[in-house]
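Notes follow once the structure below has been shown.
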Amino acid sequence: MFSKIAAVAAVLLALPLAPAPAFARQLRSEPLSMAAAVDLLPSAAESRAGYQRISFKHWVDADRDGCSTRAEVLINESRVQPTIEPGCKLTAGEWYSFYDGVTVTAPGGLDIDHMVPLAEAWDSGASAWTPERRETYANDLDAESSLVAVTARTNRSKADQDPADWLPPLLDARCTYAADWVATKLRWKLTVDVRERAALAEVAAGCGQESVTYEMAP
């Protein structure tokens, strides 16, 4: 009996190991330079035909803990223990809006920005997604760069513009912002158009120390 088991084991050990599936190897990227990450972005022309904001159901309570996506971001990003009243209503905390370098203590002064705006995501490939995937995108709490608490003023200044038309007013924030934008597009396999790629490449040229790491969305 032992000789048969040993023989089978020897055969199995001699077999070459099957390579890991491609999707498994790509779940998390190695740190990439900004320029290399920009090069990985797929190119396509944009179209906003058919876009409606309601196509992306957002600020849901996906884990049913009583807190919406907006509240979850505020809780996670507060630099101090936030004050949370019944119904997961946040009334105080301390947040740093990295777009403009402003510290905010009243949550009403903050917007939760989709790093890649919903309209831009639609233009870049989300128009072909299922409603369920668009909802997952709009409430993506699994990547820190996807959603960020910033001053309402800067979020509304940005609106649905890509980096060809808008970058944070705080110059020191632009490398981080562009890296997060690229990471989000790579995570969700979203495309870029010609102007957007050129703008990202220009920012990347001045961000030699900035790296991009991302996890593929489920």
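The values are calculated or read from the model by the stated rules, or taken from the named source; none is laboratory data. Because the structure is a prediction, the values reported are computed rather than measured. When we count neighbours, we look across all protein chains shown, and the Cβ atoms used for this are built from the backbone with ideal geometry, even at glycine. Accessible surface areas use protein heavy atoms only, side chains included; no ligands, DNA or RNA. Shrake-Rupley method; radii C 1.70, N 1.55, O 1.52, S 1.80 Å.
Springs between Cα atoms under 10 Å define the GNM used for the chain, and in it the highest mean-square fluctuation of A179, A204, A44 occurs at A44. Could you tell me the relative contact order of segment 151-217? Use alpha-carbon pairs under 8 Å, at least six residues apart, and round to a whole percent. 39 percent. The largest accessible area among I54, I112, I84, I75 belongs to the first residue in I54, I84, I75, I112, and the rest follow in falling order (1.4 Å probe, all chains). Put simply, the amide H of L90, placed in the peptide plane, has neighbours under 5 Å in E85, leaving out anything fewer than 5 places away on its chain.
Net charge around Y96, counting only other residues with Cβ within less than 13 Å of its Cβ (Lys, Arg = +1; Asp, Glu = -1)?
-3
The alpha-carbon atoms of segment 94-218, seen along their principal axes, cover 38, 34, 24 angstrom, with the largest extent given first.
Taking chymotrypsin sites (Phe, Trp or Tyr not before Pro) across segment 27-92, the ones in a DSSP loop with at most 15 further Cβ atoms lying within 10 angstrom of their Cβ are W59. Charges were assigned to the Cβ only: +1 to each Lys and Arg, -1 to each Asp and Glu. The resulting dipole of the chain about its Cα centre is roughly 560 debye.
Let me know the shape class of segment 56-146, please: from the alpha-carbon gyration tensor, a ≥ b ≥ c as square roots of the eigenvalues, rounded when a/c is under 1.5, otherwise prolate if a/b is greater than b/c, or oblate.
Taking the square roots of the gyration eigenvalues as a ≥ b ≥ c, segment 56-146 is oblate.
Based on C-alpha pairs under 8 angstrom that are at least 6 apart in sequence, the chain has a relative contact order of 29 percent.
In order along segment 159-169, the Karplus-derived 3J(HN,Hα) couplings, from 6.51 cos²θ - 1.76 cosθ + 1.60 at θ = phi - 60°, round to 6, 10, 7, 8, x, 6, 10, 8, 9, x, x Hz, and Gly and Pro are given as x. The amide H of V192, built 1.01 Å from its N in the peptide plane, has S43, A44 as neighbours under 5 Å, considering only residues 5 or more places off or on other chains. Under 14 Å from the Cβ of I54, count the other residues' Cβ atoms, weight Lys and Arg +1, Asp and Glu -1, and hand me the total. With Lys, Arg at +1 and Asp, Glu at -1, the net is +2. For the chain, the ratio of Cα radius of gyration to the globular rule of thumb 2.2 N^0.38 Å stands at 1.25. Estimated at 0.36 nm per residue, the fully extended path between E30 and E215 surpasses their Cα-Cα distance by 65.6 nm. Among G109, G125, G50, the largest mean-square fluctuation in a Gaussian network model of the chain, built with springs joining Cα atoms closer than 10 Å, belongs to G50. Applying 0.36 nm per residue to the separation of A62 and V102 and subtracting their alpha-carbon distance, the gain on full extension is 11.4 nm. Distant-in-sequence amide contacts of L32, defined by a placed amide H-H separation under 5 Å and a gap of 5 or more residues or a different chain, comprise V212, T213.
Which residue, L170, L200, L141, tops the fluctuation ranking in a GNM of the chain built on C-alpha contacts under 10 Å? Looking only at L170, L200, L141, the largest GNM fluctuation is found for L170.
In order along segment 204-217, the Karplus-derived 3J(HN,Hα) couplings, from 6.51 cos²θ - 1.76 cosθ + 1.60 at θ = phi - 60°, round to 4, 4, x, 10, x, 8, 7, 10, 10, 10, 8, 10, 5, 5 Hz, and Gly and Pro are given as x. Accessible area per residue (1.4 Å probe, heavy atoms of protein chains only) ranks R187, R79 as R79, R187, with the largest value leading. Against the criterion of solvent-accessible heavy-atom surface with a 1.4 angstrom probe, W95, W129 sort, most first, into W129, W95.
Among the protein heavy atoms, those of V102 account for about 50 Å² of accessible surface (1.4 Å probe, every chain in place).
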